[in-house]
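The values are calculated or read from the model by the stated rules, or taken from the named source; none is laboratory data. Treat the numbers as computed from the prediction; the structure is a model and nothing was measured. Glycine gets a Cβ as well: all are built from the backbone with ideal geometry, and neighbour counts include every protein chain shown. These area figures cover heavy atoms from the full protein model, side chains too; ligands, DNA and RNA do not enter into them. Shrake-Rupley method; radii C 1.70, N 1.55, O 1.52, S 1.80 Å.
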Amino acid sequence: MTDQTSSGSFDWTAPEFAARLNKRKRSQIALKLAGLAAITIAFGMLFLLVASLISTGRHAFTQTFVQIEVFLDPAHIDSNDPARGNYRQVLTDTMVKLFPDVADDRAELRRLTTILSNGAQFSIRDSVVADPALIGQTVAVRVPVSDPYDQLNKGLIDRETPEANRRLKDDEIANFDLLKELGMVSKPLNRWLITNADSRFPELAGLKGAIIGSFYALMTCFLLAFPIGIGAAIYLEEFAPKSRVSDLIEININNLAAVPSVVFGLLALAVFLGWFGMPRSAPFVGGMTLALMTLPTIIIATRAALKAVPPSIREAALGVGASKHQVVFGHVLPLAMPGILTGTIIGLAQALGETAPLLLIGMNAFITSAPATPFDSSTALPTQIFIWADSPERGFVSRTSAAILVLLTFLIFMNAIAIFLRNKFERKW
Amino acid sequence: MYDTPASGKTAVTHEVKIAARKVNVFYGDTHAIKDVDVEIEDKTVTAFIGPSGCGKSTFLRCLNRMNDTIDICRVEGLIALDGEDIYAPSIDPVQLRAKVGMVFQKPNPFPKSIYENVAYGPKIHGMARTRAELDEIVERALRRGAIWDEVKDRLQEPGTGLSGGQQQRLCIARAVATEPEVLLMDEPCSALDPIATAQVEELIDELREQYSVVIVTHSMQQAARVSQKTAFFHLGNLVEFGETGQIFTNPHDPRTESYITGRIG
Ligand SMILES: Nc1ncnc2c1ncn2[C@@H]1O[C@H](COP(=O)(O)OP(=O)(O)O)[C@@H](O)[C@H]1O
Ligand SMILES: [Mg+2]
């Protein structure tokens with residue numbers, strides 16, 4: 001066969017071989033192109049998603065403010081009880097000073113004050129309560145403008161639209177433009193998106209409650225699922241006798257990992273809230289629910305990591321007279337830990353984005369303060385997105401996208417840690 | 001070539017360290033060891049030879065109950081260490097393994113420092129009360145493993161960073177650190193180059209002064225070089241057991257003869 005000229009039985013130069021070779025080459029190229037196309041489509045989708053999120057969400061990363069001089073009139077604020085002062089009037093007076101010609105028209109005046117966020121009076125109240133000595137002074141404060149004016153300032157309200165179809169009328173726009181001309185309007189980075197809790201007013205709504213709620217829920221989830229998951233995996237992998245029962249448990253754990261999350265939510269609703277009477281909307285209960293879901297992921301990851309520890313290490317330890325538990329806890333578990341942590345982080349990242357079970361236990365409540373403890377009512381990031389996406393105010397559209405971006409950032413960060421751990425501790429045996 | 005006379009009768013005999021009687025081993029339904037009787041002497045190197053899959057490793061692993069860790073493995077018969085049945089319920093396999101050390105085919109240091117590798121056994125058995133005592137044990141073990149001079153300046157470096165031959169001597173040092181009486185070695189040189197092999201063989205010869213050494217090897221030259229007694233296994237049977245010189249020059253069984261002349265295996 002090697003000597004085709006003499007044997008002649010196999011002619012490698014015949015035309016049909018050349019044709020076959022060409023065909024093979026062509027199918028190889030076709031396969032390559034198909035793969036390339038698939039990758040391009042996948043990345044295109046991803047790019048489209050992120051691009052659309054950024055193009056709508058970016059508006060929420062800035063917030064329009066006006067700088068005003070507020071006279072804290074002792075006539076409206078009682079220094080003995082500053083919390084009960086009439087701050088709305090204080091703000092109205094401020095606006096009157098800016099637009100003296102509308103002073104007598106109450107309706108006009110009311111429309112004028114809607115430039116300022118409804119929350120402005122409360123933030124001024126809070127600073128006066130904190131320092132009652134301010135009463136009687138004139139202070140410079142920067143207050144957020146209300147949502148329509150914020151939209152206007154960001155160019156999201158088209159001035160060309162017929163007045164009747166526009167949210168802001170010509171005179172309102174003129175008023176705002178005046179403020180702008182006076183240099184009172186600014187548009188700083190919206191750090192309040194992170195430091196404020198939820199609010200009815202989009203210009204004041206932030207993710208603080210959701211982030212802290214998600215944090216508490218994830219901590220609870222981790223503290224429950226990590227030790228229980230590792231314990232279960234070690235028992236199943238290292239100690240459990242191979243029997244029909246352990247096979248059954250194994251199959252069930254794999255099935256559990258595939259159970260839709262909404263089912264865990266229903267279970268939590270029935271058991272945690274129904275039987276045990278745990279509080280609704282609490283991140284702690286949310287974390288317990290997420291732990292149910294994360295547990296099988298951690299068990300499977302831990303078992304895989306334990307299995308990946310080469311038998312030679314176990315033999316080495318057994319050979320010098322280590323007991324089974326010394327082998328497992330002294331050698332196998334430490335070597336498996338990077339794999340376990342990677343699996344756990346990926347499981348937690350999944351839990352962070354999980355919405356359905358949290359909706360079922362009421363973590364989509366409207367709560368305007370961040371939870372102080374894991375047992376207080378709260379939202380979580382995905383449920384906050386759900387709430388905002390459902391809100392009619394225009395300002396919540398960009399905030400929804402921004403919240404999704406915040407959630408994605410957390411997810412990317414967690415996955416990056418997982419990848420880092422895997423690369424750093426990856427071993428070649 | 002052979003360091004013992006061809007006739008077994010004139011050889012020096014030591015007291016019996018391990019005695020096996022009618023040992024049968026099963027992996028599930030596979031009958032891996034069949035009715036093996038053997039006596040392993042103290043201060044002697046005993047070699048197990050035979051074609052691959054004949055049960056050398058299996059039998060070796062019975063001697064320190066390493067087979068206990070395999071679920072489907074069942075051992076029958078009597079194996080006595082110093083006259084005491086090692087499969088008796090009163091025997092703790094974990095303690096037995098400290099007394100019957102083991103070195104494996106592939107060097108398998110723990111992914112820890114050289115020091116920790118050797119100190120691990122003595123630590124878990126509580127053999128040292130102070131750090132100084134532990135240091136002393138580690139040094140003694142590394143000296144016996146003939147690797148002290150090479151690693152004494154880098155005890156804190158990982159054991160996995162050593163060369164293959166050094167790793168294997170580290171593993172031997174680790175095995176002798178628990179002061180075993182018997183040392184089992186399963187093809188300890190098969191992953192080593194010829195120079196490292198020569199070093200380990202030299203070490204085995206030195207170890208004979210203190211321990212009873214059992215070595216599984218697929219190299220007949222190695223068996224001839226390092227051992228005083230040789231056991232030839234074939235298909236789970238112990239075909240022939242005797243003085244190494246006699247096995248290699250004057251085998252009684254035709255199967256042994258075909259194996260050592262290269263006709264089977
Ligand atoms: N863990 C095991 N499970 C099942 N069968 C095994 C196992 N280990 C060895 N055997 C079988 O036992 C026989 C002897 O194997 P082994 O002792 O490893 O042979 P050797 O070391 O002489 O090459 C072989 O037939 C092998 O297939
Ligand atoms: Mg073997």
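Here B:L155 meets each of (1) within 14 Å of chain A (Cβ to nearest Cβ); (2) open to solvent by 10 Å² or more (accessible area, probe 1.4 Å); (3) more than 16 Å from ligand 1 (Cβ to nearest atom) with one exception, condition (1). Scanning the range A:150-172 for residues that are aliphatic (A, V, I, L, M), out of contact with any Ser or Thr (no Cβ under 9 Å at 6 or more places or on another chain) and over 13 Å from A:T114 (Cβ atoms) yields A:I157, A:A164. Yes or no: the range B:193-215 includes at least one residue that is within 12 Å of chain A (Cβ to nearest Cβ) and crowded, with 24+ Cβ neighbours inside 10 Å. No - not one qualifying residue is present in the range B:193-215. Limited to the range A:344-376, what total is found for residues that are open to solvent by less than 30 Å² (accessible area, probe 1.4 Å) and without any contact (Cβ under 8 Å) to a residue 24 or more places away in the chain? Residues that pass the stated criteria total 0. Could you look through the range B:36-46, keep only residues that are open to solvent by 10 Å² or more (accessible area, probe 1.4 Å) and part of a strand (DSSP E or B), and pick out the one that is nearest to ligand 1 (Cβ to nearest atom)? The selected residue is B:D37.
Within the range B:70-112, which residues are away from ligand 2 (no atom under 16 Å from the Cβ) and polar (S, T, N, Q)? I'd like the intermediate steps shown before the answer.
Start the filter on the range B:70-112 by keeping residues that are away from ligand 2 (no atom under 16 Å from the Cβ), which leaves B:71-72, B:74-101, B:109-112.
The answer is B:S90, B:Q95.
Each residue in the range B:98-107 was checked for being crowded, with 24+ Cβ neighbours inside 10 Å and either in contact with a helix residue (DSSP H, G or I) (Cβ under 6 Å, 6 or more places away or on another chain) or under 14 Å from B:V200 (Cα atoms) (or both), and 4 of them qualify. Would you mind stating whether A:A133 is at pLDDT 85 or above, assigned by TED's automatic domain parsing to the domain that holds A:P100, assigned to a helix (DSSP H, G or I) and out of contact with any helix residue (DSSP H, G or I) (no Cβ under 9 Å at 6 or more places or on another chain)? Yes, satisfied. Being of a type outside the set (S, T, Y), open to solvent by 10 Å² or more (accessible area, probe 1.4 Å) and closer than 15 Å to A:M363 by Cα is the filter here; which residues of the range A:210-221 pass it? Answer for the range A:210-221, where residues must be of a type outside the set (S, T, Y), open to solvent by 10 Å² or more (accessible area, probe 1.4 Å) and closer than 15 Å to A:M363 by Cα: A:I211, A:I212, A:F215, A:L218. For B:R61, the conditions (1) near ligand 1 (Cβ under 9 Å from one of its atoms); (2) farther than 20 Å from B:D186 by Cα all hold with the exception of (2).
Is there a residue being away from chain A (no Cβ under 14 Å), away from ligand 2 (no atom under 16 Å from the Cβ), among the charged types (D, E, K, R) and open to solvent by 50 Å² or more (accessible area, probe 1.4 Å) anywhere in the range B:47-68? Looking through the range B:47-68, none of the residues is away from chain A (no Cβ under 14 Å), away from ligand 2 (no atom under 16 Å from the Cβ), among the charged types (D, E, K, R) and open to solvent by 50 Å² or more (accessible area, probe 1.4 Å). Checking each residue of the range B:222-235 against the condition of being at positive phi, open to solvent by 70 Å² or more (accessible area, probe 1.4 Å) and at pLDDT 90 or above gives at least one match.
Within the range A:302-332, count every residue that is touching a residue at least 60 places away in the same chain (Cβ under 8 Å) and either touching an Asp or Glu at 6+ places or on another chain (Cβ under 9 Å) or buried (at least 21 other Cβ atoms within 10 Å of the Cβ) (or both). Write out each step before concluding.
Within the range A:302-332, the first condition is being touching a residue at least 60 places away in the same chain (Cβ under 8 Å), and the residues that meet it are A:302-303, A:306-307, A:310, A:312, A:324, A:328, A:332.
Okay, now just the ones that are also either touching an Asp or Glu at 6+ places or on another chain (Cβ under 9 Å) or buried (at least 21 other Cβ atoms within 10 Å of the Cβ) (or both), so A:302-303, A:306-307, A:324, A:328, A:332.
Residues flagged as touching a residue at least 60 places away in the same chain (Cβ under 8 Å) and either touching an Asp or Glu at 6+ places or on another chain (Cβ under 9 Å) or buried (at least 21 other Cβ atoms within 10 Å of the Cβ) (or both) within the range A:302-332 amount to 7.
All conditions but one from (1) exposed (fewer than 14 other Cβ atoms within 10 Å of the Cβ); (2) over 15 Å from B:A20 (Cβ atoms); (3) more than 9 Å from every other protein chain (Cβ to nearest Cβ) apply to B:Q95; the one that does not is (3). Within the set B:V239, B:V226, B:V213, the sole residue that is within 16 Å of ligand 1 (Cβ to nearest atom) and in contact with a helix residue (DSSP H, G or I) (Cβ under 7 Å, 6 or more places away or on another chain) turns out to be B:V239. Could you check B:T30 against (1) more than 13 Å from ligand 1 (Cβ to nearest atom); (2) more than 27 Å from B:V226 (Cβ to Cβ); (3) more than 14 Å from every other protein chain (Cβ to nearest Cβ); (4) not basic (K, R) and say which number it fails? The one condition B:T30 does not meet is (1). With respect to (1) within 21 Å of A:A322 (Cβ to Cβ); (2) within 14 Å of another protein chain (Cβ to nearest Cβ), the lone exception for B:Y87 is condition (2). Scanning the range B:70-84 for residues that are open to solvent by 20 Å² or more (accessible area, probe 1.4 Å) and either assigned to a helix (DSSP H, G or I) or more than 7 Å from chain A (Cβ to nearest Cβ) (or both) turns up B:I70, B:I72, B:C73, B:R74, B:V75, B:E76, B:G77, B:L78, B:D82, B:G83, B:E84.
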